[in-house]
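Can you keep this structure in mind? I'll have questions shortly.
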Amino acid sequence: MRRSKGPYTVIAFKTVRARAEKRKGGPKALARLLPAKPDPKALGNLGDDRILAEMTRRVFSAGFAWSVIETKWPGFEKAFLGFKPGPLSLKPDEFWDDLMKDTRIVRNGAKIMSVRANASFVRDIAREHGSFGKFLANWPSSDEAGLLELLAKRGSRLGGNTGQMMLRFLGWDGFVTSRDVVLCLRDAGLDIAETVTSKRDLAKVQAQFNAWAEETGLSYVQLSRICALSIGENYAAEKLESMMGGDE
């Protein structure tokens, strides 16, 4: 079954899900691979230090081996003083200059300075909304595109996939435009580029996920994961269960 969506035609999500179920060994096997529905209350209770920590983890992980960042992470926590936005945003230039030589972290100058900028960003949003977690918890999943635009404009190095992965790991209910998710959307009939970078294509992705969420009642993270599992490299369900995390 195909549904008309403006100038293009997109299949109903039940077709995507049926393909994912077939690839993974049936409905029960697929269900085991799906993330739990995100909890806005838990997100709203997250401390601003944990928000800034996750921002930093995703910024440093972008284009770098995640395993290296994870191994060094205890050093990051110490070097950046537990990621408390207020104190960090007030640190003088000398503090940040010293971090450029600190072997406890990955010494990438631009990414180190992004922590300084993002500390101020988190602090400012918290002042406006009570906390950054509350701000995120109140932002609707139907407008992830708008949230990503805000992160890119007001934050530092939080555009594109980095912002999407940060939201995913924080527990915000959204999609990720990974290679397989985009492949799924294009295969379903959505007229977008192979890599989603334009506002126009992101708006199309948002509209389609909104339509599928209305059709199915599933969370956006579940829709996104099913999309990814329905196409591309068909890893065994057992391997995927052992690998389960925030990425698609």
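All but one of (1) without any contact (Cβ under 8 Å) to a residue 40 or more places away in the chain; (2) in contact with a Lys or Arg (Cβ under 7 Å, 6 or more places away or on another chain) hold for Trp139; which doesn't?
(2)
Could I ask something else about it? Would you confirm whether or not region 40-52 contains a residue that is surrounded by 13 or more Cβ atoms within 10 Å (Cβ to Cβ) and of a type in the set (Asp, Glu)?
Checked region 40-52: at least one residue is surrounded by 13 or more Cβ atoms within 10 Å (Cβ to Cβ) and of a type in the set (Asp, Glu).
How about region 192-240: which of its residues are open to solvent by 30 Å² or more (accessible area, probe 1.4 Å), modelled with pLDDT of 95 or more, within 27 Å of Ala31 (Cβ to Cβ) and not in a helix (DSSP H, G or I)?
Hits for region 192-240 are Gly217, Leu218.
For residues that are assigned to a loop (DSSP other than H, G, I, E, B) and among the small types (Gly, Ala, Ser), scanning just region 154-191, find the one that is farthest from the chain's Cα centre (by Cα). Spell out how you get there, then give the answer.
So the first thing to find is which residues in region 154-191 are assigned to a loop (DSSP other than H, G, I, E, B), and the list is 155-159, 171-178, 189-191.
If we keep only those that are among the small types (Gly, Ala, Ser) too, we end up with 155-156, 159, 171, 174, 178, 189.
On the way: Gly155: 15, Ser156: 15, Gly159: 10, Gly171: 9, Gly174: 7, Ser178: 10, Gly189: 24 Å.
Going through the qualifying residues, I end up with Gly189.
In the list Val59, Val10, which residue meets the criterion of being buried (at least 18 other Cβ atoms within 10 Å of the Cβ) and in contact with a Gly (Cβ under 6 Å, 6 or more places away or on another chain)?
Details: Val59 fails: in contact with a Gly (Cβ under 6 Å, 6 or more places away or on another chain).
Exactly one of Val59, Val10 is buried (at least 18 other Cβ atoms within 10 Å of the Cβ) and in contact with a Gly (Cβ under 6 Å, 6 or more places away or on another chain), namely Val10.
How many of the residues in region 114-130 are under 24 Å from Phe64 (Cα atoms) and open to solvent by 20 Å² or more (accessible area, probe 1.4 Å)?
Number of matching residues: 2.
Within region 131-154, count every residue that is open to solvent by 20 Å² or more (accessible area, probe 1.4 Å) and within 17 Å of Ser120 (Cβ to Cβ).
Residues meeting the conditions: 4.
In addition: Could you say which residue among Lys37, Lys72, Lys111 is open to solvent by 70 Å² or more (accessible area, probe 1.4 Å) and either modelled with pLDDT of 95 or more or assigned to a helix (DSSP H, G or I) (or both)? Write out each step before concluding.
Working: Lys72 fails: open to solvent by 70 Å² or more (accessible area, probe 1.4 Å); Lys111 fails: open to solvent by 70 Å² or more (accessible area, probe 1.4 Å).
Checking each option against the conditions leaves just Lys37.
Here's another thing I want to ask about it. Scanning for something assigned to a loop (DSSP other than H, G, I, E, B) and of a type outside the set (Phe, Trp, Tyr), does region 46-55 turn up at least one residue? Reasoning before the result, please.
Of region 46-55, the ones assigned to a loop (DSSP other than H, G, I, E, B) are 46-47.
When the remaining residues are screened for being of a type outside the set (Phe, Trp, Tyr), the result is 46-47.
Yes, region 46-55 contains a residue that is assigned to a loop (DSSP other than H, G, I, E, B) and of a type outside the set (Phe, Trp, Tyr).
Can you tell me which condition Ala145 does not meet? The list is (1) within 25 Å of Val68 (Cα to Cα); (2) in contact (Cβ under 8 Å) with a residue 60 or more places away in the chain, and all the others hold.
Of (1) within 25 Å of Val68 (Cα to Cα); (2) in contact (Cβ under 8 Å) with a residue 60 or more places away in the chain, only one is false for Ala145: (1).
The values are calculated or read from the model by the stated rules, or taken from the named source; none is laboratory data. Here the structure is a predicted model, which means the values were calculated and not measured. Please note: Cβ atoms are built from the backbone with ideal geometry, for glycine as well, and neighbour counts cover all protein chains shown. Accessible surface is based on the protein model in full, side chains and every heavy atom, while ligands, DNA and RNA are left aside. Shrake-Rupley method; radii C 1.70, N 1.55, O 1.52, S 1.80 Å.
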